[in-house]
Amino acid sequence: MPEPKGTKLGQATTYAEHYSPELLQPIPRALGRDAIGDHDFQGADIWRLYEFSWLDHRGLPHAAEVELTVPASTPSIIESKSLKLYAMSFAMTKLADAAEAEAILTRDLSEAAGGAVQVKVNPLRTWETRVAPMPGDNLEEMLPETKADAYEVAPDLLQRDSGADEREVFWSTNIFRSLCPVTGQPDFASVSIHLAGEAVDPASLLRYLASYRQHRGFHEQCVEQIFHDLRSRFELRILEVQAAFTRRGGIDINPFRSSVREQPLNSPRELRQ
């Protein structure tokens, strides 16, 4: 995808310690979608922030985990480093409680994304989470003899399974890697794919997912590219792609795209998150 201009990625930055909503930087989703040639997506991006803290009115620090759900229909994503800097700007800001923090985050992030963002601020003493592997049969365990030699997105690798007509499958992989479009830093993820309809050859899908290894794209764009390529090549009643990227800067990002629902049935923390 084209490199977005004017981001703080790869630049030395000074951390603001007082509330600074102007730090948030929207990036149009159209940048990635124009590169794919497809704008027809539903789903959501689930973000988890593990380093959120503020002061109460006595000056005592509080810490929380924050979960954001950003609809895929919003016109913009929020650049992740700008989100980190924004979150850190609460460090010396006095708030009444987690509810006030939640209200401020909801307002600011919804304005930046251009649509309603759901926010939940979870104080650590009450936060409950589930750590689990991504759902689905693991492709690299199923197919240990698979060979790969393409490392920039190669949709032509995707092939129909000649040994089956139609089927419903849940497959996953832990070998996914892409690169930040600005800094070139590697982004690692586990990916889960739910398919129902025309049979996809699993070895071809594993080789295709491995071909992202040198691809420069934001997390959301990578998942939309996978979704688009599968939808374009196969007749599918159900198609869902969900990725759990390992955290960077105290934030993990979990894009979900689906032909049948707006939000995943569940979004567990993957084992590496």
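In this structure, does VAL153 turn out to be open to solvent by 10 Å² or more (accessible area, probe 1.4 Å), more than 15 Å from MET134 (Cβ to Cβ), touching an Asp or Glu at 6+ places or on another chain (Cβ under 6 Å) and β-branched (Val, Ile, Thr)?
no
Do we have ALA72 as touching a residue at least 60 places away in the same chain (Cβ under 8 Å), surrounded by fewer than 17 Cβ atoms within 10 Å (Cβ to Cβ) and more than 22 Å from SER20 (Cα to Cα) here?
For ALA72, the condition - touching a residue at least 60 places away in the same chain (Cβ under 8 Å), surrounded by fewer than 17 Cβ atoms within 10 Å (Cβ to Cβ) and more than 22 Å from SER20 (Cα to Cα) - is not met.
Could you check how many residues of region 135-150 are in contact with a Leu (Cβ under 8 Å, 6 or more places away or on another chain) and either assigned to a loop (DSSP other than H, G, I, E, B) or surrounded by fewer than 13 Cβ atoms within 10 Å (Cβ to Cβ) (or both)?
4
Do the conditions hold for PHE188, that is, is it within 30 Å of ALA91 (Cβ to Cβ), open to solvent by 40 Å² or more (accessible area, probe 1.4 Å), touching a residue at least 12 places away in the same chain (Cβ under 8 Å) and in a strand (DSSP E or B)? Explain how you work it out, then say what you get.
Numbers: within 30 Å of ALA91 (Cβ to Cβ): yes; open to solvent by 40 Å² or more (accessible area, probe 1.4 Å): yes; touching a residue at least 12 places away in the same chain (Cβ under 8 Å): yes; in a strand (DSSP E or B): yes.
So PHE188 passes the test.
With the checklist (1) more than 15 Å from the chain's Cα centre (by Cα); (2) in a loop (DSSP other than H, G, I, E, B); (3) touching a residue at least 12 places away in the same chain (Cβ under 8 Å) in hand, flag the one item GLN263 doesn't pass.
Every listed condition holds for GLN263 apart from (1).
Across region 114-134, which residue is surrounded by the fewest Cβ atoms within 10 Å (Cβ to Cβ) among those that are more than 17 Å from LEU49 (Cα to Cα) and modelled with pLDDT of 95 or more?
ALA116
Restricting the search to region 211-237, which residues are in a helix (DSSP H, G or I) and either of a type in the set (Val, Ile, Thr) or open to solvent by less than 20 Å² (accessible area, probe 1.4 Å) (or both)?
SER211, TYR212, GLU220, GLN221, CYS222, VAL223, GLU224, ILE226, PHE227, ASP229, LEU230 - these are the residues of region 211-237 that are in a helix (DSSP H, G or I) and either of a type in the set (Val, Ile, Thr) or open to solvent by less than 20 Å² (accessible area, probe 1.4 Å) (or both).
Please give the number of the condition THR106 fails out of (1) assigned to a loop (DSSP other than H, G, I, E, B); (2) surrounded by 13 or more Cβ atoms within 10 Å (Cβ to Cβ); (3) not acidic (Asp, Glu).
It is condition (1) that THR106 fails.
Could you list, in sequence order, all residues of region 247-260 that are in contact (Cβ under 8 Å) with a residue 40 or more places away in the chain, part of a loop (DSSP other than H, G, I, E, B) and either open to solvent by 40 Å² or more (accessible area, probe 1.4 Å) or within 17 Å of THR69 (Cβ to Cβ) (or both)? It would help to see each step written out before you state the result.
In the first step, residues of region 247-260 are kept if they are in contact (Cβ under 8 Å) with a residue 40 or more places away in the chain; the result is 247-259.
Okay, now just the ones that are also part of a loop (DSSP other than H, G, I, E, B), so 247, 249-250, 259.
Listed by number, the residues that qualify are ARG247, SER259.
How about region 1-36: which of its residues are part of a loop (DSSP other than H, G, I, E, B), modelled with pLDDT of 95 or more and under 21 Å from LEU179 (Cβ atoms)?
Here is the first cut: in region 1-36, the residues part of a loop (DSSP other than H, G, I, E, B) are 1-20, 24-25, 29.
Filter again for modelled with pLDDT of 95 or more, leaving 19-20, 24-25, 29.
The answer is GLN25, ARG29.
Report whether or not THR129 is assigned to a loop (DSSP other than H, G, I, E, B) and either of a type in the set (Phe, Trp, Tyr) or closer than 18 Å to ASN254 by Cβ (or both).
Judged against the criteria, THR129 is a match.
Just checking, how many residues over region 195-210 are open to solvent by 10 Å² or more (accessible area, probe 1.4 Å) and either in contact (Cβ under 8 Å) with a residue 60 or more places away in the chain or among the small types (Gly, Ala, Ser) (or both)? Can you show your working first?
Within region 195-210, the subset open to solvent by 10 Å² or more (accessible area, probe 1.4 Å) is 198, 201-203, 206-207, 210.
Now drop any that are not either in contact (Cβ under 8 Å) with a residue 60 or more places away in the chain or among the small types (Gly, Ala, Ser) (or both), which leaves 202-203, 206-207, 210.
Residues flagged as open to solvent by 10 Å² or more (accessible area, probe 1.4 Å) and either in contact (Cβ under 8 Å) with a residue 60 or more places away in the chain or among the small types (Gly, Ala, Ser) (or both) within region 195-210 amount to 5.
The values are calculated or read from the model by the stated rules, or taken from the named source; none is laboratory data. If you're wondering where the values come from, they're calculated on a predicted model, not measured in any experiment. When we count neighbours, we look across all protein chains shown, and the Cβ atoms used for this are built from the backbone with ideal geometry, even at glycine. What goes into the accessible areas is simple: the full protein's heavy atoms, side chains included, and nothing from ligands, DNA or RNA. Shrake-Rupley method; radii C 1.70, N 1.55, O 1.52, S 1.80 Å.
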